[in-house]
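A.B. asks: Below is the structure I would like to discuss, written out as structure tokens.
The values are calculated or read from the model by the stated rules, or taken from the named source; none is laboratory data. Everything numeric in this text was worked out from a predicted model, so none of it was measured. Surface accessibility is based on the protein's heavy atoms, side chains included, excluding ligands, DNA and RNA. Shrake-Rupley method; radii C 1.70, N 1.55, O 1.52, S 1.80 Å.
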Amino acid sequence: MDDQGRDGAELGEALTPERPALADPCADATGPGTYKGYTCGASFKFITAENISCQEARRKCTLKAEANPGTSFYCTWNDRLVYRKEITSGACNPLVCQTTSGTGTYRGYICGSHNFITTNNIPCQYALDNCALNAANNPSRSIFCTWNGIEIFREERLPGICNGLP
């Protein structure tokens, strides 16, 4: 594991015992927005729809994924992740930062254990690269990372062990 976060804090300082609850991505969403759906692996955008609610975007993506059980899917509404299903662990990881911009808060978790890093004001791609490096350096651990509350990386050694994280 990297021994320091981007802000220079020792990893031990970033450890927190809490496990955040899985949030409804559409809980505070209001009004119409833009829905984008992607298949992962080939990074193919299969839809862009304007003037759609968050709940409807999630419903449409879920239906598309259920109709294509052998395909990984990543869907957003106003750049907010509303649905993600991976057939192969990590298949959607490269798409996340392509659909976002700006800086945000990066959090990394060792699933079933603890939060190993929290760093503020960094670009999504830096967070994704750091998380992937931590996963590569810890091949026996399941790693889950978020940026601005969006799941950017998931590599589960035991399927489902990272469920329940943000």
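A.B. asks: Quick check on segment 102-165: of the DSSP beta bridges with both residues there, what percent are antiparallel, nearest 5%?
C.D. replies: Restricted to segment 102-165, the bridges split so that about 100 percent are antiparallel.
A.B. asks: What are the extents of the Cα atoms of segment 83-122 along their three principal axes, in Å, largest first?
C.D. replies: Its Cα atoms span 30, 30, 15 Å along the three principal axes.
A.B. asks: Express in nm, to one decimal, how much length is gained between N138 and F44 on full extension, taking 0.36 nm for each residue of separation and deducting their alpha carbon distance. Don't jump to the answer; show the numbers that get you there.
C.D. replies: Numbers: separation 94, 0.36 × 94 = 33.84 nm, distance 2.99 nm.
Additional length available on full extension: 30.9 nm.
A.B. asks: Considering only protein heavy atoms and a 1.4 Å probe, what is the carbon-and-sulfur percentage of the accessible area of segment 32-91?
C.D. replies: Looking at segment 32-91 in its full context, I get 50 percent from C and S.
A.B. asks: Could you order Y38, Y106, Y126 by accessible surface area, starting with the largest, using a probe radius of 1.4 Å? Walk me through the numbers before you get to the answer.
C.D. replies: On the way: Y38 25, Y106 0, Y126 80 Å².
Descending order: Y126, Y38, Y106.
A.B. asks: Once you compute Rg and the Kirkwood Rh from C-alpha atoms, what is the Rg to Rh ratio for segment 102-165?
C.D. replies: Rg divided by Rh gives 0.94.
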